[in-house]
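The values are calculated or read from the model by the stated rules, or taken from the named source; none is laboratory data. What you see is a predicted model, and the numbers here were worked out from it, not measured in a lab. Cβ sites come from the backbone with ideal geometry, for glycine too, and all protein chains shown count toward neighbours.
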Amino acid sequence: MKKYIVLWGLLFPSLFVCFAQVSINTQNSQGIFYIDAAADNTTTSVNRFKNDVVVDEAGSLILGQSTQPTVGKAKLDITSDTPYGAFKMVDGGEGDGMVLLGDASGYAKWGMLKGSGGYKLRVTAPTGAMASQTAYTLSLSSGLNYIPISVAGSYIIMIRMTATYRVTSGTGGRASGYFIVYKNTINASTLGEDSTENYFAGISGQKFTVYTFLKVLNASAGDKLYLVIKPQTANNQWTLDTALTTVFFYRV
Amino acid sequence: MRKMILSLLILAISISLYSQVGINTRTPFSKSVFHIDAKGNNTSEYTVTTAQQLDDVLIDMSGALGLGVVSPTAKLHIFTTGSTTKPIRIADGSEGVNKYLFSDVDGRATWKDKPVPNGVVYYSRSPKTYAKNVYTELPAEVNAPGYKRITIPRAGNYVFTLRWWGSISGLPIGTKLMSAATIQLRKVTGTFESVVDETTNYVAATGTNYSRFSFTMSLFASNLAAGDVLYLAIKPIDGYAWATGLGLSGSQLTNTIYYPSIMVYNI
């Protein structure tokens with residue numbers, strides 16, 4: 001029994017120090033620390049080195065090379081057979097067309113450049129009838145009721161909206177609504193950063209479409225852009241078709 | 001004794017360590033869980049100079065990875081200032097001079113050319129009928145010589161804006177109608193076609209001699225590659241066929257302003 005205790009004591013110290021090269025899953029290693037993840041370096045597979053992870057003698061971390069890695073060409077040196085296969089960073093700002101941007105301290109984030117991307121969001125709410133002269137803040141498929149600004153700049157919001165139009169009193173047939181973008185605070189007594197009033201001819205009980213643009217100049221990182229729709233003409237009620245109501249957001 | 005050997009055999013196959021690990025060092029950094037000192041030049045587990053850190057690879061107690069730094073302040077923290085080593089190399093076949101690192105929808109990265117705003121308007125000038133309840137391709141005749149579809153010049157995210165100009169065929173004079181059509185943006189890959197974006201547009205129209213009406217609507221495609229081929233298809237769903245060219249004569253018949261056009265630009 002004493003022997004066991006000694007054995008386990010040796011194997012589970014609080015500190016494991018090895019003043020030598022360490023290799024895992026391989027006996028033929030290079031560098032200071034070498035993992036042959038698939039333990040296939042003794043095979044003839046052309047891919048046998050691609051699963052190796054190595055720290056070389058200068059402390060560079062090497063992953064995915066097709067030949068036996070020895071010296072990294074950069075501190076972090078990643079090779080992949082396919083685009084998008086080497087590096088992944090999830091910080092909430094990722095998306096098609098987003099670009100890696102740095103700040104003064106070298107911290108990286110995904111952000112939008114002019115011409116680099118932009119994205120599309122579905123509008124998920126309001127789903128009920130929108131009353132005349134009442135402001136409604138849009139909820140978006142991102143799960144937010146605003147568009148977050150991660151990079152300071154000027155932005156365009158393109159809105160394509162389809163709704164069912166109802167005349168609640170009188171003949172109707174022609175009505176309007178306000179489309180407004182607010183920065184950080186919704187103050188219904190103002191017209192926000194930008195706004196349009198759109199008139200349309202409609203038939204009560206049928207759908208109509210509005211296609212319009214809003215612009216926000218010189219937004220700062222951290223700003224929140226709220227989109228508000230307000231049926232304006234009296235006795236004019238809208239119910240959004242959320243399958244056909246979409247917002248595009250891009251930098252200009 | 002046999003039990004002992006068995007025990008050792010099991011441990012030789014798989015060793016788990018519930019402790020701090022230091023490799024090539026006798027002084028693993030006090031706040032690390034895993035510390036490689038590639039040059040073996042650290043002298044203290046509490047104080048590490050910048051020069052001593054440059055060759056260190058370290059995982060701290062929050063799971064952050066430091067390369068060249070023993071106190072990472074981001075999930076992956078690379079420090080090469082003062083060293084000739086560059087911080088990151090990503091070789092995935094897309095690398096090249098002056099490329100930018102781009103994300104996909106999942107945050108995976110690849111190199112692409114610097115984004116260059118570009119745009120083309122594809123016009124048309126041939127009469128065409130758009131049968132009701134059927135998708136018909138919108139022509140892109142001008143600016144795409146010899147090829148009627150839209151070819152993307154550079155990788156990027158694109159807006160396709162349809163500027164419709166045409167007629168509702170056979171709408172009785174005086175009839176008011178919410179004209180409606182579903183518009184699809186389709187991408188062609190060999191013989192396979194996929195719908196990239198779709199919407200339905202409703203706009204008031206009134207029956208007149210040629211029941212002309214117009215509207216503007218945009219569709220969106222992300223992550224297109226240079227050379228991708230797309231087109232717009234439209235399906236009237238208001239009970240009538242749509243048409244272009246009705247009532248035009250002489251030079252009007254080939255004037256692009258009297259036909260739908262498609263503006264394509266990256267955002």
> Is it the case that the stretch A:171-178 has a residue that's more than 30 Å from B:Val105 (Cβ to Cβ), at pLDDT 95 or above and away from every other protein chain (no Cβ under 14 Å)?
Replying inline: yes
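So, in the stretch A:101-132, of the ones that are in a loop (DSSP other than H, G, I, E, B) and modelled with pLDDT of 95 or more, which residue ends up surrounded by the fewest Cβ atoms within 10 Å (Cβ to Cβ)?
The first filter runs over the stretch A:101-132 and keeps only residues in a loop (DSSP other than H, G, I, E, B), leaving A:103-107, A:112-118, A:126-128, A:131-132.
Restricting the remaining residues to those that are modelled with pLDDT of 95 or more gives A:126-128, A:131-132.
Working: A:Pro126: 17, A:Thr127: 12, A:Gly128: 9, A:Ala131: 14, A:Ser132: 18.
Within the stretch A:101-132, the match that is surrounded by the fewest Cβ atoms within 10 Å (Cβ to Cβ) is A:Gly128.
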>> When you check A:Met98 against the structure, is it touching a Gly at 6+ places or on another chain (Cβ under 8 Å), surrounded by 18 or more Cβ atoms within 10 Å (Cβ to Cβ) and not assigned by TED's automatic domain parsing to the domain that holds A:Thr26, yes or no?
In response: yes
>> Cβ-Cβ under 6 Å, sequence separation 6+ or interchain: first residue in the stretch B:93-121 and over 24 Å from B:Thr161 (Cβ atoms), partner loosely packed, with under 13 Cβ neighbours inside 10 Å. Which pairs?
In response: B:Tyr100/B:Lys114; B:Gly107/A:Val90
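Just to check your reading of the model, which residue among B:Thr191, B:Thr206 is β-branched (Val, Ile, Thr) and within 14 Å of chain A (Cβ to nearest Cβ)?
Working: B:Thr191 fails: within 14 Å of chain A (Cβ to nearest Cβ).
Exactly one residue qualifies, and that residue is B:Thr206.
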> Restricting attention to the stretch B:185-195, which residues are buried (at least 19 other Cβ atoms within 10 Å of the Cβ) and not basic (Lys, Arg)?
Replying inline: B:Leu185
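Quick grid of which residues meet (1) farther than 19 Å from A:Val54 by Cα; (2) more than 8 Å from chain A (Cβ to nearest Cβ); (3) part of a loop (DSSP other than H, G, I, E, B); (4) among the β-branched types (Val, Ile, Thr):
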residue	(1), (2), (3), (4)
B:Phe34	no, yes, no, no
B:Gly40	no, no, yes, no
B:Gln52	yes, yes, no, no
B:Gly66	no, yes, no, no
B:Ser71	yes, yes, yes, no
B:Thr80	no, no, yes, yes
B:Ile88	no, no, no, yes
>> If A:Arg166 meets every condition in (1) farther than 23 Å from B:Tyr265 by Cα; (2) part of a loop (DSSP other than H, G, I, E, B) apart from one, which number is that one?
In response: (2)
>> I'd like to check which strands (runs of 3 or more DSSP E) are fully inside the stretch A:181-252 and have at least 3 residues that are crowded, with 20+ Cβ neighbours inside 10 Å.
In response: A:207-219, A:224-231, A:236-240, A:246-251
> Filtering the stretch B:54-64 down to residues that are in contact (Cβ under 8 Å) with a residue 24 or more places away in the chain, more than 9 Å from every other protein chain (Cβ to nearest Cβ) and surrounded by 15 or more Cβ atoms within 10 Å (Cβ to Cβ), which residue is farthest from A:Thr79 (Cα to Cα)?
Replying inline: B:Asp60
> Being at the interface with chain A (Cβ under 9 Å from one of its Cβ atoms), in contact with a strand residue (DSSP E or B) (Cβ under 6 Å, 6 or more places away or on another chain), closer than 30 Å to B:Asn223 by Cβ and not acidic (Asp, Glu), is that true of even one residue in the stretch B:20-31?
Replying inline: no
>> Of everything in the stretch B:90-110, what is facing chain A (nearest Cβ under 8 Å) and either touching a Lys or Arg at 6+ places or on another chain (Cβ under 6 Å) or of a type in the set (A, V, I, L, M) (or both)? Give them in sequence order.
In response: B:Ile90, B:Ala91, B:Tyr100, B:Leu101, B:Phe102, B:Val105, B:Gly107, B:Arg108, B:Ala109
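Can you tell me which residue within the stretch B:190-235, out of those that are assigned to a loop (DSSP other than H, G, I, E, B) and of a type in the set (Val, Ile, Thr), is modelled with the highest pLDDT? Break it down stepwise before answering.
The initial filter retains those residues of the stretch B:190-235 that are assigned to a loop (DSSP other than H, G, I, E, B), namely B:190-191, B:207-211, B:225-228.
Subset that is of a type in the set (Val, Ile, Thr): B:191, B:208.
Numbers: B:Thr191: 89, B:Thr208: 96.
The extreme case among them is B:Thr208.
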>> So, in the stretch A:138-170, how many residues would count as being away from chain B (no Cβ under 14 Å) and either surrounded by fewer than 17 Cβ atoms within 10 Å (Cβ to Cβ) or of a type outside the set (Val, Ile, Thr) (or both)?
In response: 12
>> Consider the stretch B:123-158. How many of its residues are within 30 Å of B:Gly96 (Cβ to Cβ) and either touching a Gly at 6+ places or on another chain (Cβ under 8 Å) or not assigned by TED's automatic domain parsing to the domain that holds B:Asp197 (or both)?
In response: 4
>> For the stretch B:74-112, give me each residue that is under 18 Å from A:Leu101 (Cβ atoms) and among the small types (Gly, Ala, Ser).
In response: B:Ala74, B:Ser103, B:Gly107, B:Ala109
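What about A:Leu225, is it in the same structural domain as A:Ala152 (by TED's automatic domain parsing), touching a strand residue (DSSP E or B) at 6+ places or on another chain (Cβ under 8 Å), under 23 Å from B:Ser222 (Cα atoms) and modelled with pLDDT of 95 or more?
Working: in the same structural domain as A:Ala152 (by TED's automatic domain parsing): yes; touching a strand residue (DSSP E or B) at 6+ places or on another chain (Cβ under 8 Å): yes; under 23 Å from B:Ser222 (Cα atoms): yes; modelled with pLDDT of 95 or more: yes.
So A:Leu225 fits the description; yes.
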> Within the stretch B:100-110, is there a residue that is surrounded by 16 or more Cβ atoms within 10 Å (Cβ to Cβ) and part of a loop (DSSP other than H, G, I, E, B)?
Replying inline: yes
